[in-house]
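Everything below concerns the one structure shown next.
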Amino acid sequence: MGYIDEVLELVAQQNPDQKEFQQAVKEVLSSLRPVIEKNEARYRREALLEKMVNPERVIMFRVPWQDDEGNTHVNTGYRIQFNGAIGPYKGGLRFHPSVNLSIMKFLAFEQCFKNSLTGLPMGGGKGGSDFDPKGKSDREILRFCQSFMTELVKYIGPDTDVPAGDIGVGAREIGYMYGQYRRIRGAYEGGALTGKGLTYGGSLGRKQATGYGLLYLTRELLKANNMDIAGKIVTVSGAGNVAIYAIEKATAMGAKVVTCSDSTGWIYDPEGIDVELLKDVKEVRRARLDAYAAARPSAQYKEGRGVWSVKCDIALPCATQNELLLDDAKMLVANGCTAVCEGANMPTTLEATHYLQESGVLFCPGKAANAGGVACSGLEMSQNSQRLSWSVEEVDEKLQTIMVNIFKNLDQAAKDYGMAGNYVAGANIAGFEKLAEAMIAQASF
Ligand code: NDP
(Lines give C-alpha, C1' and ligand atoms only; values in the text may rest on other atoms or scores of the structure.)
Protein backbone atom coordinates (compact mmCIF):
# COMPACT_ATOMS: atom_id res chain seq x y z
CA MET A 1 0.00 0.00 0.00
CA GLY A 2 1.34 3.47 -0.86
CA TYR A 3 2.05 6.15 1.72
CA ILE A 4 -1.08 8.18 0.89
CA ASP A 5 -3.41 5.19 1.22
CA GLU A 6 -1.80 4.22 4.52
CA VAL A 7 -2.39 7.70 5.90
CA LEU A 8 -5.96 7.83 4.58
CA GLU A 9 -6.65 4.54 6.32
CA LEU A 10 -5.13 5.89 9.52
CA VAL A 11 -7.30 9.00 9.35
CA ALA A 12 -10.40 6.86 8.86
CA GLN A 13 -9.44 4.66 11.82
CA GLN A 14 -8.57 7.52 14.14
CA ASN A 15 -11.59 9.68 13.21
CA PRO A 16 -14.31 7.14 12.41
CA ASP A 17 -17.29 9.47 12.69
CA GLN A 18 -15.68 12.61 11.22
CA LYS A 19 -16.93 12.38 7.65
CA GLU A 20 -16.28 15.98 6.62
CA PHE A 21 -12.72 15.79 7.95
CA GLN A 22 -12.11 12.49 6.17
CA GLN A 23 -13.55 13.98 2.97
CA ALA A 24 -11.24 17.01 3.11
CA VAL A 25 -8.13 14.92 3.82
CA LYS A 26 -9.02 12.52 1.01
CA GLU A 27 -9.55 15.35 -1.45
CA VAL A 28 -6.20 16.94 -0.62
CA LEU A 29 -4.02 13.84 -0.33
CA SER A 30 -5.43 12.12 -3.42
CA SER A 31 -4.51 15.07 -5.59
CA LEU A 32 -0.97 15.17 -4.14
CA ARG A 33 -0.02 11.71 -5.41
CA PRO A 34 2.62 12.82 -7.96
CA VAL A 35 4.38 15.10 -5.44
CA ILE A 36 4.31 12.58 -2.64
CA GLU A 37 5.39 9.64 -4.76
CA LYS A 38 8.37 11.70 -5.98
CA ASN A 39 9.50 12.45 -2.40
CA GLU A 40 8.10 9.43 -0.59
CA ALA A 41 11.26 8.28 1.26
CA ARG A 42 11.97 11.76 2.61
CA TYR A 43 8.38 12.43 3.66
CA ARG A 44 8.06 9.01 5.33
CA ARG A 45 11.25 9.58 7.32
CA GLU A 46 9.77 12.82 8.65
CA ALA A 47 6.29 11.29 9.18
CA LEU A 48 5.20 14.38 7.28
CA LEU A 49 1.72 13.25 6.31
CA GLU A 50 0.96 11.81 9.75
CA LYS A 51 1.85 15.21 11.21
CA MET A 52 -0.06 17.08 8.55
CA VAL A 53 -3.35 15.28 9.25
CA ASN A 54 -3.08 15.64 13.03
CA PRO A 55 -3.87 19.06 14.51
CA GLU A 56 -1.16 20.52 16.71
CA ARG A 57 -3.86 21.21 19.29
CA VAL A 58 -7.64 20.80 19.68
CA ILE A 59 -9.31 22.99 22.28
CA MET A 60 -12.91 22.25 23.32
CA PHE A 61 -14.74 24.11 26.02
CA ARG A 62 -18.09 24.76 27.67
CA VAL A 63 -19.87 28.02 26.84
CA PRO A 64 -22.66 28.79 29.33
CA TRP A 65 -24.80 31.85 28.58
CA GLN A 66 -28.06 33.36 29.77
CA ASP A 67 -31.07 34.15 27.62
CA ASP A 68 -33.26 37.20 28.16
CA GLU A 69 -35.55 35.27 30.55
CA GLY A 70 -32.59 34.40 32.79
CA ASN A 71 -32.39 30.72 31.76
CA THR A 72 -28.91 29.28 31.35
CA HIS A 73 -27.93 27.40 28.19
CA VAL A 74 -24.72 25.54 27.43
CA ASN A 75 -23.01 25.27 24.04
CA THR A 76 -19.70 23.75 23.00
CA GLY A 77 -16.84 25.99 21.89
CA TYR A 78 -13.94 24.86 19.69
CA ARG A 79 -10.60 26.13 18.51
CA ILE A 80 -8.48 23.89 16.30
CA GLN A 81 -4.85 25.04 16.09
CA PHE A 82 -4.00 22.83 13.17
CA ASN A 83 -0.63 23.91 11.87
CA GLY A 84 1.55 26.82 12.95
CA ALA A 85 4.62 26.08 10.81
CA ILE A 86 4.34 29.18 8.62
CA GLY A 87 2.85 31.69 11.06
CA PRO A 88 0.36 32.22 13.89
CA TYR A 89 -2.74 30.03 13.55
CA LYS A 90 -5.28 31.93 11.47
CA GLY A 91 -8.86 31.12 10.55
CA GLY A 92 -12.43 32.13 11.28
CA LEU A 93 -14.99 31.36 13.95
CA ARG A 94 -18.30 29.78 12.90
CA PHE A 95 -21.49 29.97 14.98
CA HIS A 96 -23.99 27.53 13.50
CA PRO A 97 -25.97 24.59 14.98
CA SER A 98 -24.26 22.18 12.55
CA VAL A 99 -20.81 22.87 14.05
CA ASN A 100 -19.06 19.77 15.40
CA LEU A 101 -15.51 18.47 15.73
CA SER A 102 -15.48 17.01 12.21
CA ILE A 103 -16.54 20.28 10.57
CA MET A 104 -14.10 22.29 12.66
CA LYS A 105 -11.22 19.96 11.76
CA PHE A 106 -12.06 19.92 8.05
CA LEU A 107 -12.16 23.71 7.97
CA ALA A 108 -8.90 24.06 9.92
CA PHE A 109 -7.16 21.48 7.72
CA GLU A 110 -8.23 23.29 4.53
CA GLN A 111 -7.18 26.59 6.06
CA CYS A 112 -3.54 25.42 6.36
CA PHE A 113 -3.22 25.02 2.58
CA LYS A 114 -5.26 28.13 1.82
CA ASN A 115 -3.11 30.31 4.06
CA SER A 116 0.03 28.83 2.58
CA LEU A 117 -1.26 29.69 -0.91
CA THR A 118 -1.74 33.38 -0.04
CA GLY A 119 2.03 33.78 0.34
CA LEU A 120 1.49 35.50 3.71
CA PRO A 121 2.98 34.19 6.99
CA MET A 122 -0.14 32.57 8.46
CA GLY A 123 -0.66 29.10 9.92
CA GLY A 124 -4.01 27.29 9.83
CA GLY A 125 -6.75 27.21 12.46
CA LYS A 126 -10.52 27.37 12.83
CA GLY A 127 -13.03 27.56 15.62
CA GLY A 128 -16.59 28.26 16.57
CA SER A 129 -19.58 26.87 18.38
CA ASP A 130 -22.82 24.98 17.81
CA PHE A 131 -24.62 28.08 19.08
CA ASP A 132 -27.43 29.21 16.73
CA PRO A 133 -27.50 33.01 16.44
CA LYS A 134 -30.85 32.94 14.55
CA GLY A 135 -33.71 34.43 16.48
CA LYS A 136 -31.49 35.57 19.38
CA SER A 137 -31.71 39.12 20.69
CA ASP A 138 -28.74 41.47 20.54
CA ARG A 139 -28.23 41.07 24.30
CA GLU A 140 -28.23 37.28 24.02
CA ILE A 141 -25.63 37.44 21.24
CA LEU A 142 -23.54 39.76 23.42
CA ARG A 143 -23.72 37.43 26.42
CA PHE A 144 -22.82 34.43 24.30
CA CYS A 145 -19.85 36.23 22.68
CA GLN A 146 -18.57 37.37 26.08
CA SER A 147 -18.77 33.88 27.53
CA PHE A 148 -17.13 32.34 24.43
CA MET A 149 -14.25 34.83 24.55
CA THR A 150 -13.77 34.48 28.31
CA GLU A 151 -12.49 30.97 27.59
CA LEU A 152 -10.94 31.52 24.14
CA VAL A 153 -8.80 34.42 25.36
CA LYS A 154 -6.43 31.96 27.04
CA TYR A 155 -5.37 30.51 23.72
CA ILE A 156 -5.21 33.42 21.26
CA GLY A 157 -3.12 36.55 20.68
CA PRO A 158 -1.47 38.52 17.86
CA ASP A 159 1.55 36.17 17.77
CA THR A 160 -0.17 32.89 18.64
CA ASP A 161 -3.62 32.53 17.09
CA VAL A 162 -5.75 35.13 15.32
CA PRO A 163 -9.44 34.28 14.79
CA ALA A 164 -11.82 36.11 12.40
CA GLY A 165 -15.45 35.77 11.24
CA ASP A 166 -17.15 32.98 9.30
CA ILE A 167 -20.76 31.76 9.07
CA GLY A 168 -22.78 33.45 11.81
CA VAL A 169 -19.88 35.65 12.93
CA GLY A 170 -19.83 39.11 11.36
CA ALA A 171 -18.85 42.63 12.43
CA ARG A 172 -21.24 42.68 15.39
CA GLU A 173 -19.93 39.45 16.92
CA ILE A 174 -16.27 40.38 16.31
CA GLY A 175 -16.90 43.70 18.09
CA TYR A 176 -18.47 41.99 21.10
CA MET A 177 -15.65 39.44 21.29
CA TYR A 178 -12.90 42.02 20.87
CA GLY A 179 -14.40 44.13 23.68
CA GLN A 180 -14.28 41.14 26.01
CA TYR A 181 -10.76 40.19 24.89
CA ARG A 182 -9.49 43.73 25.62
CA ARG A 183 -11.24 43.84 28.96
CA ILE A 184 -9.66 40.59 30.16
CA ARG A 185 -6.21 41.22 28.71
CA GLY A 186 -6.03 44.85 29.81
CA ALA A 187 -4.10 45.72 26.66
CA TYR A 188 -4.88 46.96 23.18
CA GLU A 189 -3.87 43.99 21.06
CA GLY A 190 -5.77 44.75 17.86
CA GLY A 191 -3.93 42.02 15.98
CA ALA A 192 -5.61 39.31 18.10
CA LEU A 193 -8.79 39.29 15.97
CA THR A 194 -9.46 40.31 12.37
CA GLY A 195 -12.64 41.47 10.70
CA LYS A 196 -12.77 44.29 13.25
CA GLY A 197 -14.80 47.46 12.68
CA LEU A 198 -13.13 50.37 10.95
CA THR A 199 -13.18 52.55 14.07
CA TYR A 200 -11.01 50.14 16.08
CA GLY A 201 -8.35 48.67 13.85
CA GLY A 202 -10.28 46.90 11.10
CA SER A 203 -9.08 47.04 7.52
CA LEU A 204 -10.89 48.86 4.79
CA GLY A 205 -11.99 46.27 2.24
CA ARG A 206 -12.04 43.28 4.64
CA LYS A 207 -15.82 42.91 4.48
CA GLN A 208 -15.71 42.75 0.69
CA ALA A 209 -12.46 40.79 0.39
CA THR A 210 -13.69 37.19 0.08
CA GLY A 211 -16.37 38.00 -2.50
CA TYR A 212 -14.21 40.44 -4.46
CA GLY A 213 -11.21 38.10 -4.29
CA LEU A 214 -13.38 35.28 -5.66
CA LEU A 215 -14.16 37.40 -8.70
CA TYR A 216 -10.54 38.52 -9.19
CA LEU A 217 -9.54 34.87 -9.27
CA THR A 218 -12.47 33.88 -11.52
CA ARG A 219 -11.43 36.60 -13.97
CA GLU A 220 -7.86 35.20 -14.11
CA LEU A 221 -9.15 31.67 -14.59
CA LEU A 222 -11.33 32.77 -17.50
CA LYS A 223 -8.54 34.89 -18.99
CA ALA A 224 -6.18 31.91 -18.94
CA ASN A 225 -8.82 30.01 -20.90
CA ASN A 226 -9.44 32.85 -23.39
CA MET A 227 -12.74 33.98 -21.91
CA ASP A 228 -14.06 37.17 -20.37
CA ILE A 229 -16.43 37.60 -17.49
CA ALA A 230 -18.35 40.52 -19.02
CA GLY A 231 -21.71 39.48 -20.44
CA LYS A 232 -21.77 36.13 -18.62
CA ILE A 233 -24.77 34.80 -16.68
CA VAL A 234 -23.76 33.88 -13.14
CA THR A 235 -25.57 31.85 -10.48
CA VAL A 236 -24.63 32.42 -6.84
CA SER A 237 -25.79 30.48 -3.78
CA GLY A 238 -25.87 32.02 -0.30
CA ALA A 239 -26.86 35.54 0.67
CA GLY A 240 -24.30 36.22 3.37
CA ASN A 241 -21.00 38.05 3.45
CA VAL A 242 -19.27 36.10 0.69
CA ALA A 243 -22.29 35.91 -1.62
CA ILE A 244 -23.24 39.60 -1.35
CA TYR A 245 -19.81 40.92 -2.29
CA ALA A 246 -19.32 38.27 -4.97
CA ILE A 247 -22.58 39.47 -6.54
CA GLU A 248 -21.48 43.10 -6.23
CA LYS A 249 -18.11 42.53 -7.93
CA ALA A 250 -19.47 40.19 -10.63
CA THR A 251 -22.07 42.83 -11.52
CA ALA A 252 -19.38 45.55 -11.58
CA MET A 253 -17.35 43.38 -13.97
CA GLY A 254 -20.29 43.30 -16.40
CA ALA A 255 -21.77 39.89 -15.58
CA LYS A 256 -25.44 39.34 -14.72
CA VAL A 257 -26.06 37.45 -11.45
CA VAL A 258 -29.51 35.86 -11.50
CA THR A 259 -29.74 33.88 -8.23
CA CYS A 260 -28.94 33.88 -4.53
CA SER A 261 -30.20 31.72 -1.65
CA ASP A 262 -30.42 31.25 2.09
CA SER A 263 -31.18 28.24 4.23
CA THR A 264 -34.94 28.48 3.61
CA GLY A 265 -35.21 29.31 -0.08
CA TRP A 266 -33.78 30.96 -3.16
CA ILE A 267 -34.28 33.87 -5.53
CA TYR A 268 -34.41 33.83 -9.33
CA ASP A 269 -34.15 37.35 -10.67
CA PRO A 270 -33.69 37.36 -14.47
CA GLU A 271 -33.12 41.14 -14.43
CA GLY A 272 -30.03 40.61 -12.28
CA ILE A 273 -29.83 40.69 -8.47
CA ASP A 274 -30.25 44.19 -7.04
CA VAL A 275 -27.32 44.10 -4.62
CA GLU A 276 -28.34 47.23 -2.68
CA LEU A 277 -31.74 45.69 -2.00
CA LEU A 278 -30.08 42.41 -1.00
CA LYS A 279 -27.79 44.25 1.45
CA ASP A 280 -30.80 46.01 2.92
CA VAL A 281 -32.66 42.70 3.41
CA LYS A 282 -29.70 40.73 4.78
CA GLU A 283 -27.31 43.21 6.40
CA VAL A 284 -29.73 45.84 7.71
CA ARG A 285 -33.05 44.07 8.28
CA ARG A 286 -31.55 40.56 8.84
CA ALA A 287 -34.69 39.24 7.08
CA ARG A 288 -35.39 36.15 4.95
CA LEU A 289 -35.09 36.25 1.17
CA ASP A 290 -38.85 36.40 0.57
CA ALA A 291 -38.50 40.05 1.67
CA TYR A 292 -36.26 40.59 -1.39
CA ALA A 293 -38.91 39.16 -3.73
CA ALA A 294 -41.63 41.22 -2.06
CA ALA A 295 -39.72 44.40 -2.94
CA ARG A 296 -38.63 43.42 -6.45
CA PRO A 297 -41.24 42.67 -9.15
CA SER A 298 -38.78 40.85 -11.47
CA ALA A 299 -37.79 38.34 -8.75
CA GLN A 300 -39.32 34.99 -7.85
CA TYR A 301 -38.82 33.40 -4.43
CA LYS A 302 -38.90 29.60 -4.18
CA GLU A 303 -38.74 27.46 -1.06
CA GLY A 304 -35.97 24.87 -0.69
CA ARG A 305 -32.94 24.45 -2.96
CA GLY A 306 -32.77 25.06 -6.71
CA VAL A 307 -30.05 27.56 -7.62
CA TRP A 308 -28.09 25.01 -9.69
CA SER A 309 -31.07 24.24 -11.93
CA VAL A 310 -30.81 27.72 -13.49
CA LYS A 311 -28.96 28.02 -16.81
CA CYS A 312 -25.67 29.86 -16.35
CA ASP A 313 -22.15 30.33 -17.70
CA ILE A 314 -20.49 30.55 -14.29
CA ALA A 315 -21.60 29.08 -10.95
CA LEU A 316 -20.30 30.47 -7.65
CA PRO A 317 -21.36 28.39 -4.60
CA CYS A 318 -21.02 30.79 -1.64
CA ALA A 319 -23.20 29.30 1.15
CA THR A 320 -21.76 26.26 2.96
CA GLN A 321 -20.10 22.84 2.66
CA ASN A 322 -21.61 20.08 0.52
CA GLU A 323 -24.28 22.26 -1.11
CA LEU A 324 -23.46 21.36 -4.74
CA LEU A 325 -24.21 17.66 -5.22
CA LEU A 326 -23.72 15.27 -8.14
CA ASP A 327 -27.23 15.91 -9.51
CA ASP A 328 -26.60 19.65 -9.34
CA ALA A 329 -23.33 19.20 -11.24
CA LYS A 330 -25.21 17.22 -13.91
CA MET A 331 -27.74 20.05 -14.31
CA LEU A 332 -24.96 22.64 -14.57
CA VAL A 333 -23.17 20.64 -17.28
CA ALA A 334 -26.42 19.97 -19.18
CA ASN A 335 -27.14 23.71 -19.12
CA GLY A 336 -23.74 24.60 -20.59
CA CYS A 337 -21.96 25.97 -17.49
CA THR A 338 -18.26 26.61 -18.24
CA ALA A 339 -16.78 27.46 -14.83
CA VAL A 340 -17.41 26.74 -11.15
CA CYS A 341 -15.43 28.71 -8.55
CA GLU A 342 -16.01 27.99 -4.88
CA GLY A 343 -16.69 31.00 -2.65
CA ALA A 344 -17.64 28.75 0.28
CA ASN A 345 -15.41 26.09 1.84
CA MET A 346 -15.89 22.66 0.20
CA PRO A 347 -19.39 23.44 -1.16
CA THR A 348 -18.96 20.85 -3.91
CA THR A 349 -18.96 17.15 -2.99
CA LEU A 350 -16.13 14.97 -4.27
CA GLU A 351 -18.44 13.17 -6.75
CA ALA A 352 -19.73 16.49 -8.09
CA THR A 353 -16.19 17.89 -8.39
CA HIS A 354 -15.03 14.86 -10.38
CA TYR A 355 -18.08 15.02 -12.64
CA LEU A 356 -17.50 18.72 -13.38
CA GLN A 357 -13.80 18.17 -14.09
CA GLU A 358 -14.47 15.15 -16.30
CA SER A 359 -17.07 17.17 -18.21
CA GLY A 360 -14.51 19.88 -18.99
CA VAL A 361 -15.90 22.52 -16.63
CA LEU A 362 -13.17 24.84 -15.27
CA PHE A 363 -13.22 24.19 -11.53
CA CYS A 364 -11.40 26.25 -8.90
CA PRO A 365 -11.53 24.99 -5.28
CA GLY A 366 -12.37 27.20 -2.32
CA LYS A 367 -8.95 27.06 -0.76
CA ALA A 368 -7.72 29.17 -3.68
CA ALA A 369 -10.88 30.94 -4.83
CA ASN A 370 -12.00 32.23 -1.42
CA ALA A 371 -8.52 32.96 -0.05
CA GLY A 372 -9.09 36.71 -0.48
CA GLY A 373 -10.79 36.91 2.93
CA VAL A 374 -7.93 35.47 4.93
CA ALA A 375 -5.41 37.31 2.76
CA CYS A 376 -7.08 40.59 3.66
CA SER A 377 -7.09 39.48 7.31
CA GLY A 378 -3.33 39.07 6.92
CA LEU A 379 -3.21 42.65 5.63
CA GLU A 380 -5.26 43.75 8.64
CA MET A 381 -2.67 42.09 10.93
CA SER A 382 0.14 43.95 9.12
CA GLN A 383 -1.67 47.28 9.53
CA ASN A 384 -2.25 46.56 13.24
CA SER A 385 1.44 45.75 13.74
CA GLN A 386 2.44 48.96 11.99
CA ARG A 387 -0.31 50.92 13.80
CA LEU A 388 -1.33 52.34 10.45
CA SER A 389 -4.35 52.00 8.23
CA TRP A 390 -4.07 51.75 4.50
CA SER A 391 -6.48 53.28 1.99
CA VAL A 392 -9.14 51.10 0.40
CA GLU A 393 -7.34 51.45 -2.94
CA GLU A 394 -4.09 50.19 -1.41
CA VAL A 395 -5.80 47.19 0.20
CA ASP A 396 -7.73 46.34 -2.96
CA GLU A 397 -4.60 46.57 -5.09
CA LYS A 398 -2.76 44.19 -2.75
CA LEU A 399 -5.77 41.84 -2.76
CA GLN A 400 -5.81 41.79 -6.57
CA THR A 401 -2.08 41.06 -6.68
CA ILE A 402 -2.47 38.21 -4.18
CA MET A 403 -5.37 36.62 -6.10
CA VAL A 404 -3.51 36.91 -9.44
CA ASN A 405 -0.45 35.28 -7.85
CA ILE A 406 -2.52 32.51 -6.30
CA PHE A 407 -3.93 31.67 -9.73
CA LYS A 408 -0.48 31.82 -11.37
CA ASN A 409 0.98 29.52 -8.70
CA LEU A 410 -1.73 26.90 -8.88
CA ASP A 411 -1.84 26.99 -12.68
CA GLN A 412 1.95 26.50 -12.76
CA ALA A 413 1.95 23.76 -10.11
CA ALA A 414 -0.64 21.80 -12.12
CA LYS A 415 1.44 22.20 -15.29
CA ASP A 416 4.68 21.23 -13.51
CA TYR A 417 3.17 17.89 -12.56
CA GLY A 418 1.60 17.21 -15.97
CA MET A 419 -1.95 18.06 -14.88
CA ALA A 420 -2.56 21.33 -16.74
CA GLY A 421 -6.07 22.63 -16.11
CA ASN A 422 -6.56 20.56 -12.94
CA TYR A 423 -6.82 23.50 -10.56
CA VAL A 424 -7.77 21.30 -7.60
CA ALA A 425 -4.45 19.48 -7.86
CA GLY A 426 -2.63 22.75 -8.61
CA ALA A 427 -3.99 24.47 -5.49
CA ASN A 428 -3.25 21.51 -3.25
CA ILE A 429 0.27 21.07 -4.61
CA ALA A 430 1.18 24.77 -4.40
CA GLY A 431 -0.16 25.04 -0.83
CA PHE A 432 1.39 21.72 0.23
CA GLU A 433 4.93 22.29 -1.05
CA LYS A 434 5.54 25.42 1.02
CA LEU A 435 3.95 23.92 4.13
CA ALA A 436 5.92 20.67 3.76
CA GLU A 437 9.24 22.51 3.52
CA ALA A 438 8.42 24.69 6.55
CA MET A 439 7.47 21.63 8.61
CA ILE A 440 10.55 19.65 7.62
CA ALA A 441 12.77 22.63 8.44
CA GLN A 442 11.24 22.75 11.94
CA ALA A 443 11.76 19.03 12.40
CA SER A 444 11.02 18.88 16.11
CA PHE A 445 7.32 19.76 15.85
P1 NDP B 1 -22.70 34.10 6.32
O2 NDP B 1 -23.17 33.58 7.61
O3 NDP B 1 -22.53 35.56 6.13
O4 NDP B 1 -23.65 33.58 5.13
C5 NDP B 1 -23.86 32.22 4.90
C6 NDP B 1 -24.96 32.10 3.88
O7 NDP B 1 -25.13 30.73 3.52
C8 NDP B 1 -26.31 32.58 4.39
O9 NDP B 1 -27.04 33.07 3.31
C10 NDP B 1 -26.91 31.30 4.95
O11 NDP B 1 -28.33 31.32 4.99
C12 NDP B 1 -26.44 30.28 3.94
N13 NDP B 1 -26.31 28.98 4.60
C14 NDP B 1 -25.57 28.67 5.70
N15 NDP B 1 -25.72 27.38 6.03
C16 NDP B 1 -26.58 26.88 5.13
C17 NDP B 1 -27.12 25.60 4.94
N18 NDP B 1 -26.81 24.58 5.76
N19 NDP B 1 -27.96 25.43 3.89
C20 NDP B 1 -28.24 26.47 3.05
N21 NDP B 1 -27.77 27.70 3.20
C22 NDP B 1 -26.93 27.90 4.22
O23 NDP B 1 -21.31 33.33 6.01
P24 NDP B 1 -20.18 33.72 5.00
O25 NDP B 1 -20.75 34.35 3.79
O26 NDP B 1 -19.10 34.40 5.75
O27 NDP B 1 -19.59 32.27 4.64
C28 NDP B 1 -20.09 31.48 3.57
C29 NDP B 1 -19.08 30.41 3.20
O30 NDP B 1 -17.84 31.04 2.81
C31 NDP B 1 -18.70 29.44 4.33
O32 NDP B 1 -18.39 28.18 3.76
C33 NDP B 1 -17.42 30.06 4.88
O34 NDP B 1 -16.61 29.10 5.56
C35 NDP B 1 -16.78 30.54 3.60
N36 NDP B 1 -15.76 31.58 3.75
C37 NDP B 1 -16.06 32.77 4.35
C38 NDP B 1 -15.09 33.75 4.45
C39 NDP B 1 -15.39 35.10 5.00
O40 NDP B 1 -14.51 35.97 4.92
N41 NDP B 1 -16.58 35.36 5.53
C42 NDP B 1 -13.71 33.51 3.98
C43 NDP B 1 -13.55 32.26 3.28
C44 NDP B 1 -14.53 31.33 3.21
P45 NDP B 1 -29.06 31.67 6.38
O46 NDP B 1 -28.81 33.11 6.63
O47 NDP B 1 -30.48 31.33 6.14
O48 NDP B 1 -28.41 30.77 7.40
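The values are calculated or read from the model by the stated rules, or taken from the named source; none is laboratory data. Small disclaimer: the values here were computed from a predicted structure and weren't measured. Cβ: placed from backbone, ideal geometry, glycine included. Neighbour counts: every protein chain shown. In case anyone asks, the SASA skips ligands and DNA or RNA and just uses the protein heavy atoms, side chains included. Shrake-Rupley method; radii C 1.70, N 1.55, O 1.52, S 1.80 Å.
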Leaving ligands, DNA and RNA out of it, report the carbon-plus-sulfur percent of the accessible area of the range 24-108 at a 1.4 Å probe.
-> 47 percent
With x for Gly and Pro, the residue-by-residue ³J(HN,Hα) of the range 416-424, computed from phi through the Karplus equation 6.51 cos²θ - 1.76 cosθ + 1.60 at θ = phi - 60° and given in whole Hz, is 4, 9, x, 10, 3, x, 8, 6, 5
Using only C-alpha positions, report the orientation-averaged shadow area of the convex hull of the range 295-400, nm², one decimal.
-> 9.3 nm²
Using all C-alpha to C-alpha distances in the range 75-227, build P(r) with 5 Å bins and read off the rounded percent in each one.
-> 2, 9, 17, 21, 21, 15, 7, 4, 2, 1, 0
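Rolling a 1.4 Å sphere over the protein heavy atoms, what is the accessible area per residue of the chain, to the nearest Å²? Present the calculation step by step, with values, prior to reporting the outcome.
Values: 17330 Å² over 445 residues.
For the chain, the per-residue accessible area is 39 Å².
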Cα atoms only, the chain: Rg and Dmax in Å?
-> 20.9, 64
Name the residues whose placed amide hydrogens come within less than 5 Å of the amide hydrogen of ALA164, ignoring near sequence neighbours (fewer than 5 apart) on the same chain.
-> GLY91, GLY92, LEU93, THR194
Which order do the peptides 426-436, 244-254 take when ranked by the mean count of other beta-carbon atoms within 10 Å per residue, highest first?
-> 426-436, 244-254
Got a number for carbon plus sulfur as a percent of the range 162-247's accessible area, 1.4 Å probe?
-> 52 percent
Got a sec to turn the phi values of the range 223-235 into Karplus ³J(HN,Hα) couplings, 6.51 cos²θ - 1.76 cosθ + 1.60 with θ = phi - 60°, whole Hz, x for Gly and Pro?
-> 4, 5, 10, 6, 10, 10, 7, 4, x, 7, 8, 10, 10
With unit charges on the beta carbon (Lys/Arg positive, Asp/Glu negative), name the residue among PHE131, GLY84, TRP65 whose Cα is farthest towards the positive pole of the charge dipole of the range 35-171.
-> GLY84
One quarter of the C-alpha convex hull surface, i.e. the mean projected area of the range 84-126 in nm², amounts to 2.8 nm²
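Counting Lys +1, Arg +1, Asp -1, Glu -1, what net charge surrounds PHE445 among other residues with beta carbon under 10 Å of its beta carbon?
Result for the neighbourhood of PHE445: 0.
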How high is the relative contact order of the range 153-270, in percent, with contacts defined as C-alpha pairs under 8 Å that are six or more residues apart?
-> 19 percent
Given 4 °C and 1.567 mPa s, how large is the Stokes-Einstein diffusion coefficient of the range 208-255 in µm²/s, with Rh as the Kirkwood radius over Cα pairs?
-> 122 µm²/s
In debye, nearest 20: dipole of the range 109-162 around its Cα centre with unit charges on the Cβ of K, R (+) and D, E (-)?
-> 100 debye
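Carbon-plus-sulfur fraction of the accessible area of the range 291-405, 1.4 Å probe, in percent? Show your work: numbers first, answer last.
Working: 2330 of 4540 Å².
So the carbon and sulfur contribution to the accessible surface is 51 percent.
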Distant-in-sequence amide H partners of VAL169 (H built 1.01 Å from N, under 5 Å) | PHE95
In the chain the cysteines whose Cβ sits 4.7 Å or more from every other Cys Cβ are CYS112, CYS145, CYS260, CYS312, CYS318, CYS337, CYS376
For the range 392-401, Karplus couplings with θ = phi - 60° (6.51, -1.76, 1.60), whole Hz, Gly/Pro x = 4, 5, 5, 5, 5, 5, 5, 4, 4, 4
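Compute the relative contact order of the chain as a whole-number percentage, counting only Cα pairs closer than 8 Å that sit 6 or more residues apart in sequence. The partial results should precede the final answer.
On the way: 913 pairs, mean separation 66.6, N = 445.
Normalised by residue count, the contact order of the chain is 15 percent.
Taking a quarter of the surface of the convex hull around the Cα atoms of the range 377-426, what do you get in nm²? Present the calculation step by step, with values, prior to reporting the outcome.
On the way: hull surface 16.5 nm².
Approximately 4.1 nm², given one-decimal rounding.
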